[in-house]
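The values are calculated or read from the model by the stated rules, or taken from the named source; none is laboratory data. The structure displayed is predicted, hence computed values, not measured ones. Glycine gets a Cβ as well: all are built from the backbone with ideal geometry, and neighbour counts include every protein chain shown. When the accessible area is computed, the model is the full protein with side chains, heavy atoms only, and any ligands, DNA or RNA have been set aside. Shrake-Rupley method; radii C 1.70, N 1.55, O 1.52, S 1.80 Å.
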Amino acid sequence: MSNINKVKYRFPEGFWWGSAASATQTEGAADVEGKGKNIWDHWYEVEPNRFFNGVGPEKTSQFYYKYKEDIQLMKEIGHNSFRMSISWSRLIPNGVGEVNPKAVEFYNNVINEFIENGVEPFVGLFHFDMPMELQKIGGWVNREVVDAYEAYAKTCFELFGDRVKKWFTHNEPIVPVEGGYLYDFHYPNEIDFGKAVQVGYHTILSSARAIKAYKEMGQDGKIGIVLNLTPSYPRSENPADLKASVLADAFFNRSFLDPSVKGEFPQELVQILKEEGFMPVIEDGDLDIIKNNTVDILGVNYYQPRRVKAKENLPNPEAPFMPDRYFDNYVMPGRKMNPHRGWEIYEKGIYDILINLKENYGNIECFISENGMGVEGEEKFRDETGIIQDDYRIEFIQDHLKWVHKAIEEGSKAKGYHLWTFMDNWSWTNAYKNRYGFVSVNLDKDGERTIKKSGQWFKKLSENNGF
Ligand code: BGP
């Protein structure tokens with residue numbers, strides 16, 4: 001029986017319902033059939049103590065072996081689309097040069113399986129997983145890696161572009177900058193703002209060059225980028241707090257949003273980089289490439305807001321330069337939290353992002369490419385029938401979707417909603433601590449999958465195109 005009359009929030013026809021995941025977090029098989037090492041494989045080898053309960057990336061959720069079963073499950077819970085990423089070091093083990101035929105076979109099989117089952121694959125090229133051979137020469141700090149990335153992107157378009165019609169150059173490109181070069185949660189764990197800026201700049205250049213290549217190759221799909229847009233809310237309307245929020249926004253959102261969508265960098269950021277002596281090395285012609293190769297579509301990842309205030313104390317001039325020389329993070333009294341991840345939950349943020357895109361970014365076509373809730377110890381919610389009763393996740397999704405719906409009513413071109421994530425997977429240094437999936441993965445039983453209550457609910461959501 002259809003619930004059609006009960007639907008209060010109906011979404012536009014053809015809305016993309018699905019989820020997202022990345023190669024390193026789900027494939028497993030990290031050391032088989034010719035795959036090269038990436039920074040995660042390497043970091044785990046040298047510092048396993050940095051990963052929750054010492055669990056590394058070698059097995060993750062075994063999508064490499066179980067993709068057929070997984071795609072059936074996606075279909076079963078109402079997916080019409082799904083974002084995956086290609087592992088660069090699986091496809092091109094050294095980052096440049098030889099292509100691994102086993103990887104080509106694997107990704108062809110996966111893409112075909114998706115299409116046969118009516119789930120459109122959206123494909124990302126880079127999701128935090130730099131091939132180790134390229135990290136050895138400096139990773140994104142080294143311009144040669146931009147060339148290597150462009151060649152890798154072209155290889156992907158050539159191999160899979162006949163079937164994949166939505167491509168994403170990067171996933172949350174600010175995160176490897178923050179994790180690898182500012183705050184010590186990604187390899188190579190350096191604290192060096194100058195490198196951070198160069199990494200960010202090269203990433204943007206690499207994105208524009210991949211977009212340019214895509215168009216020159218006459219590919220007929222869409223190409224975009226996925227950004228984690230974390231709105232910056234000032235503590236108050238006091239001018240000092242407002243200024244702090246404008247600058248935090250320039251550092252963490254507009255640094256990638258403006259060049260990706262408008263082809264230019266935010267002046268506030270450029271000015272600070274100049275004043276502080278951190279301008280990146282830019283070669284002739286780069287800025288034209290960035291200007292002329294903006295994205296067709298934008299993926300928006302939203303988890304939490306950023307709240308800021310004017311600095312309370314003078315910064316230590318001897319300390320390494322950090323963006324927060326210009327603002328302090330603000331802990332708002334009474335905020336709602338996801339205590340497992342330590343992230344504030346603020347549903348309206350998703351609406352504010354979409355309205356900002358509508359008003360200030362030409363209402364670019366976009367979709368929610370990640371949103372979700374990681375919870376520790378979910379096993380305790382498993383009932384006698386074996387199903388995890390994750391009502392909190394259903395509520396979380398609904399509370400965000402209401403705001404997405406409102407933004408669409410007001411004219412936003414949001415085309416879909418993908419949850420992070422399809423099945424429980426490996427969350428980088430948090431490993432399997434927090435579970436995010438519609439489907440649980442039992443690590444003690446060879447990764448056995450069970451659909452959670454939220455997965456069953458999502459099926460109805462997708463069938464009714466609303467709730
Ligand atoms: C995003 C990433 C994902 C994912 C998610 C959840 O930043 O794109 O790869 O992991 O966040 O965060 P975490 O795994 O750190 O809990």
Response to the item:
Fraction of alpha-carbon pairs in the range 64-222 farther than 26 Å apart, rounded to whole percent, equals 30
Worksheet, complete the sentence: Contour minus Cα-Cα span, Asn363 to Glu45, at 0.36 nm per residue, comes to 110.0 nm
Discussion item. How big is the chain along each principal axis, measuring the range of its Cα positions in Å and listing the largest first?
Written reply: 63, 54, 46
Worksheet item: Whose amide H sits under 5 Å from the amide H of Asn301, counting only residues 5 or more places off or on another chain, with H placed in the peptide plane?
Response: Leu227, Asn228, Leu229, Ser369, Glu370
Worksheet item: Counting other Cβ atoms within 10 Å of each Cβ, which trypsin sites (Lys or Arg not before Pro) in the range 253-326 have at most 14 and sit in a DSSP loop?
Response: Lys311
Item to complete: Would you calculate a helix-derived [θ] at 222 nm for the chain, using -39,500 (n - 2.57) for each DSSP H run of n ≥ 4 and dividing by the full residue count, to the nearest 500?
Response: -11500 deg cm²/dmol
Fill in: Contact order normalised by residue count of the chain, Cα under 8 Å, 6+ apart, percent
19
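For Lys459, what charge total do you get from the other residues with a beta carbon under 10 Å from its beta carbon, if Lys and Arg give +1 and Asp and Glu give -1?
On the way: positive: Lys75, Lys460; negative: Glu76, Glu463.
Here the charged neighbours net out to 0.
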Item to complete: Express the carbon and sulfur contribution to the solvent-accessible surface of the chain as a percent, rounded to the nearest whole number, probe 1.4 angstrom.
Response: 49
Worksheet entry | ³J(HN,Hα) computed for each position of the range 188-199 - Karplus, 6.51 cos²θ - 1.76 cosθ + 1.60, integer Hz, glycine/proline x | x, 6, 9, 10, 7, 4, x, 5, 4, 5, 5, 4
Worksheet item: Measuring from centroid to centroid over Cα atoms, what is the spacing of the range 111-190 and the range 398-467 in Å?
Response: 23
Worksheet, complete the sentence: Checked against the positive end of the charge dipole of the range 16-464 (+1 on Cβ of Lys and Arg, -1 on Cβ of Asp and Glu, about the Cα centre), the farthest of Ala103, His127, Tyr187 is His127
Worksheet item: In debye to the nearest 20, how big a dipole does the chain give about its Cα centre with +1 on each Lys and Arg Cβ and -1 on each Asp and Glu Cβ?
Response: 1240
Response to the item:
Asn112 and Lys380 label points (each 7 Å along its Cα→Cβ direction) are spaced in nm at 4.7
Worksheet entry | the range 328-467: translational diffusion in µm²/s, Stokes-Einstein, Kirkwood Rh over Cα pairs, 4 °C, 1.567 mPa s | 79
Discussion item. Taking every pair of distinct Cα atoms and averaging 1/r, then inverting, what Kirkwood hydrodynamic radius in Å comes out for the range 149-270?
Written reply: 15.8
Worksheet item: What share of all Cα pairs of the range 236-348, in percent, falls into each consecutive 5 Å distance bin?
Response: 2, 10, 15, 18, 19, 15, 12, 7, 2, 0, 0
Practice prompt. Would you mind estimating how fast the range 1-130 diffuses translationally, via Stokes-Einstein at 20 °C and 1.002 mPa s with the Kirkwood radius over Cα pairs, in µm²/s?
Written response: 132
Fill in: Cut-off 18 Å (backbone N to label point 7 Å along Cα→Cβ of Gln398), residues of the range 342-375
346-348, 372-373
Practice prompt. Under 11 Å from the Cβ of Tyr346, count the other residues' Cβ atoms, weight Lys and Arg +1, Asp and Glu -1, and hand me the total.
Written response: +1
Item to complete: Multiply the residue gap between Asn442 and Glu216 by 0.36 nm, knock off their C-alpha separation, and tell me the result in nm, one decimal place.
Response: 76.8 nm
